[in-house]
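The values are calculated or read from the model by the stated rules, or taken from the named source; none is laboratory data. What you see is a predicted model; the values in this text were computed from it and never measured. In this analysis, Cβ positions are derived from the backbone assuming ideal geometry, glycine residues included, and neighbour counts consider all displayed protein chains. When the accessible area is computed, the model is the full protein with side chains, heavy atoms only, and any ligands, DNA or RNA have been set aside. Shrake-Rupley method; radii C 1.70, N 1.55, O 1.52, S 1.80 Å.
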Amino acid sequence: MSLRIAALLGLSCLALSAHAQSQYRLYAEAYGGYFNNIRTTSPVFGLDPSGNPNTVLGTVQYGSDYQGASAFNQVTPIPDVTAGGVWAGDASKGMTTVTTTAKAKTDWGSNHASASTTGYTPVSDSFNGQFVVGGTTWPMQVKTDTSSYAVGHSLWEELYQIGGGTGTGQFTGSIHIDGSLSGLTNGTASMDWSLRTFSNQLVAALNASYDATTNSWTQGVFSNGAWTYTSGNGALSINQDVTGSYNFTYGAALYLQSDLVTTVNGNGAADFSNTVQFTGMVLPQDATVFVLSGAQAADYGIRFAGNGAGTICTTLACAVGNATQPIPEPETYALLLAGLGVVTWTARRRR
């Protein structure tokens, strides 16, 4: 018995240590901007394998903003950020004043994100000239075009320790998604949401896009293990319930990641600030579960199948101690929790 207690204490310390070293459990970021793309093509930059002049890319920024926030548990503040601005381009080129706004907020079990841009007018220009280098004249072609963007990104991740059985069991999660996509003349708006496990297995997803040029939208929903695709005309309003199931192993931690990204290019709006809400998580009858972040079970709608019998634990020992198979190896927790840092790096690469 003393060996078992020592193992439990070791697991608890390891989980807390890895938790402290992980980058976040809740994350939100928002950013937007207005800029001019510049593409300069000339043999002065060399030739490609086909003998064509190389192209050098550049940008002129008229304005940009970025805000991000994270939280580790319910004690630290919930990430809630807003970014954007009002930026004027080069009036001599016909560039207009652009307003971008992006927002993101993340809570346990829910994602909120929105992005919008107004006032944008696409402007393209090109001219031919020359480079004079060391007495040698090189032909040059320059092309420019404007671009505006806004992005809201919300992500939460959680570890659930599940005991009370042997072998594998199944949880079923239900998520409600509510929002809209719209745009003006030349804008595009999109949203991409997914629920995944530590092994990157897709549990549920919804992605959609709207193109104002054609005034049309497309949508894909991954629910109950299958994709469904639809399309139509006009702005898109979404009021969707999505269901996903996953087979977990008793005695091992279950990792879930809910990731929502809203994006706008040109004039448009992607508004999912209402919510992507985790409304239910059904575990097998008589299971025991511990939420490692310390979040409340109600945040995930945790309940039990069958006659509803089960235990929502307040300690890790409760969930592990009720498992009838051997205690999981500490390396399992180290691997799972180390993965949180990898997710952080991936999210920040989106910038």
Taking ARG303, is it among the charged types (D, E, K, R) and modelled with pLDDT under 50? no
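If we scan segment 91-100, do we find a residue that is under 30 Å from MET281 (Cβ atoms), in contact (Cβ under 8 Å) with a residue 12 or more places away in the chain and not basic (Lys, Arg)? If you could, list the steps in order and put the result at the bottom.
Within segment 91-100, the first condition is being under 30 Å from MET281 (Cβ atoms), and the residues that meet it are none.
So far as segment 91-100 goes, no, none of its residues is under 30 Å from MET281 (Cβ atoms), in contact (Cβ under 8 Å) with a residue 12 or more places away in the chain and not basic (Lys, Arg).
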In segment 105-117, the residues that are open to solvent by 20 Å² or more (accessible area, probe 1.4 Å) and farther than 10 Å from SER154 by Cα: SER116
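Regarding SER42, is this residue in a strand (DSSP E or B) and either out of contact with any strand residue (DSSP E or B) (no Cβ under 6 Å at 6 or more places or on another chain) or polar (S, T, N, Q) (or both)? Break it down into steps so the answer makes sense when it comes.
Details: in a strand (DSSP E or B): yes; either out of contact with any strand residue (DSSP E or B) (no Cβ under 6 Å at 6 or more places or on another chain) or polar (S, T, N, Q) (or both): yes.
Against the criterion (in a strand (DSSP E or B) and either out of contact with any strand residue (DSSP E or B) (no Cβ under 6 Å at 6 or more places or on another chain) or polar (S, T, N, Q) (or both)), SER42 qualifies.
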So TRP138, is it buried (at least 17 other Cβ atoms within 10 Å of the Cβ) and of a type outside the set (A, V, I, L, M): no
If VAL56 passes every condition in (1) of a type in the set (A, V, I, L, M); (2) assigned to a strand (DSSP E or B); (3) closer than 21 Å to ASN265 by Cβ but one, which one does it miss? (3)
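Among the residues of segment 95-104, are any aliphatic (A, V, I, L, M), crowded, with 19+ Cβ neighbours inside 10 Å and not in a strand (DSSP E or B)?
Checked segment 95-104: at least one residue is aliphatic (A, V, I, L, M), crowded, with 19+ Cβ neighbours inside 10 Å and not in a strand (DSSP E or B).
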Mind listing whichever residues of segment 179-205 are out of contact with any Ser or Thr (no Cβ under 6 Å at 6 or more places or on another chain), surrounded by fewer than 23 Cβ atoms within 10 Å (Cβ to Cβ) and assigned to a strand (DSSP E or B)? SER182, THR188, ASP192, SER194, ARG196, THR197, LEU202
Restricted to segment 39-94 and to residues being acidic (Asp, Glu) and modelled with pLDDT under 95, the residue farthest from SER147 (Cα to Cα) is ASP48
By residue number, the members of segment 226-269 that are within 19 Å of the chain's Cα centre (by Cα) and β-branched (Val, Ile, Thr) are ILE238, VAL242, THR243, VAL261, THR262, THR263, VAL264
